[in-house]
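Each remark here refers to the structure printed beneath this line.
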Amino acid sequence: MKRLLTFLLLFVMSATVAFGCSPTGGNQQVLSIYNYASYIAPEAIAQFEKENNVKIQYDTFENSDALYAKLKQGNPGYDLIFPADYMVKIMIAENLIEPLNLNNIPNKKNLEPKFINQAFDPGNKYSLPYQWGTMGIGYNAKTIQGEINSWAAMFDPKYTGKVAWQDDARYTFAGVLMYLGFDPNTTNPEEINKARDLLIKSNNIIAAFVPDTGQNLLDQGEVNLTMEWSGDIFQVMKENPNLRYAIPKEGTIIFSDNMAIPKDAPQKELAEKFINFILQPEVGAQISNFTQFGSPNKAAIDGGLIAPNDLKNPQIYPPAEVFDKMKLLQDVGQATALYDRAWTEVKAGAGK
């Protein structure tokens, strides 16, 4: 929580300067970023501002769907965005992001090969990886008096009223589908409906569907288990030793968040300069050490710049046998309507 407060303070200061009077007058460039909250080391922002005599305006979104909805209406002035893997493919198809000039980003060479040239953006023509991690279960080991290793715990009646899921159709359905033994990217209506029915049946167990704030509810004792991103849980674990994070044995979603430039970005070259800055080994490590998500920066890892305790933590950097059971979310095309309809029914059922 201290990290979040530090980050918010930095954001307020940057935004105030960006919108108010610049100390260098009207000639100082402003780089407008749209990203998750508490998802970059404040020191990295300060360093880039100082080295380049610019100001960073940092706005936040709750999930990739919110990012998409904002950009779908037309770019309000953002220079750099951070979409999830599957969202990159959607935004490319809808001409919402600009091709990158990779000649301006030579630090691409520092990236781990398994995180580049992926199916959602072959050749990384439009995006480059930023951070990666997993979706799993955060839990309070003291209150539940045990360890968790399965999605089954999220449906256990003994935790009635103490379970939170993501307020995100694709990610919540992915966890339930994998628990049921199905592909998290299924387009089979019967399988999607079975996941829907299980969630509706469990509506009295579910305390809330939360917009990426499950770690806060867990830390405050309002829930005992939450579906949440790995780094978000590890950040609050530093201040609450009773908290744990588990990658479910049935498998889970691995995500790769990416840096991309939205259509009609006012400062495209400056955004590419920032991407290249992020891909420096020292900066990439600084960010991952702050967020406690996985770094795609091989040079940072090989150079011993990642916090040793994080690098040795199998919940942050899973071994191969666990990594192989995890899947990226994919754009499911027309089947998106099936998920949307099922999600509407889940949310209606949760309100009963």
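The values are calculated or read from the model by the stated rules, or taken from the named source; none is laboratory data. Computed from a predicted structure; not experimentally measured. As a convention, Cβ positions derive from the backbone with ideal geometry for all residues, glycine included, and neighbour counts pool all protein chains shown. Just the protein is used for accessible areas: all its heavy atoms, side chains included, with ligands, DNA and RNA removed. Shrake-Rupley method; radii C 1.70, N 1.55, O 1.52, S 1.80 Å.
It is to be established whether one or more residues within the stretch 213-230 are touching a Leu at 6+ places or on another chain (Cβ under 7 Å) and of a type in the set (S, T, N, Q).
yes
Are there any pairs with C-beta distances below 8 angstrom linking a residue in the stretch 302-321 that is farther than 17 Å from Ser230 by Cα to a residue that is open to solvent by 70 Å² or more (accessible area, probe 1.4 Å), with the two at least 6 apart or on different chains, and if so which?
Listed by first residue and then by second, the contacts come to Leu305/Glu282.
So how many residues does the stretch 136-160 have that are buried (at least 17 other Cβ atoms within 10 Å of the Cβ) and part of a loop (DSSP other than H, G, I, E, B)?
Qualifying residue count, the stretch 136-160: 1.
Can you tell me how many residues in the stretch 161-192 are of a type in the set (Phe, Trp, Tyr) and part of a loop (DSSP other than H, G, I, E, B)? Spell out the reasoning first.
Applying the first criterion (of a type in the set (Phe, Trp, Tyr)) to the stretch 161-192 yields 165, 171, 173, 179, 182.
Now restrict to residues that are part of a loop (DSSP other than H, G, I, E, B): 182.
Count: 1.
Which one of these is of a type outside the set (Phe, Trp, Tyr), without any contact (Cβ under 8 Å) to a residue 40 or more places away in the chain and within 30 Å of Thr60 (Cα to Cα): Val163, Val176?
Going through Val163, Val176 in turn, the sole match is Val176.
Could you go through the stretch 276-293 and let me know if any residue there is hydroxyl-bearing (Ser, Thr, Tyr) and touching a strand residue (DSSP E or B) at 6+ places or on another chain (Cβ under 9 Å).
yes
State the number of residues belonging to the stretch 318-349 that are open to solvent by less than 40 Å² (accessible area, probe 1.4 Å) and either of a type in the set (A, V, I, L, M) or part of a loop (DSSP other than H, G, I, E, B) (or both).
Adding up the residues that qualify gives 7.
Return yes when Glu43 is touching a residue at least 60 places away in the same chain (Cβ under 8 Å), open to solvent by 50 Å² or more (accessible area, probe 1.4 Å) and either assigned to a loop (DSSP other than H, G, I, E, B) or small (Gly, Ala, Ser) (or both) and no when it is not. Outline the logic, then answer.
Details: touching a residue at least 60 places away in the same chain (Cβ under 8 Å): yes; open to solvent by 50 Å² or more (accessible area, probe 1.4 Å): yes; either assigned to a loop (DSSP other than H, G, I, E, B) or small (Gly, Ala, Ser) (or both): no.
In short, no.
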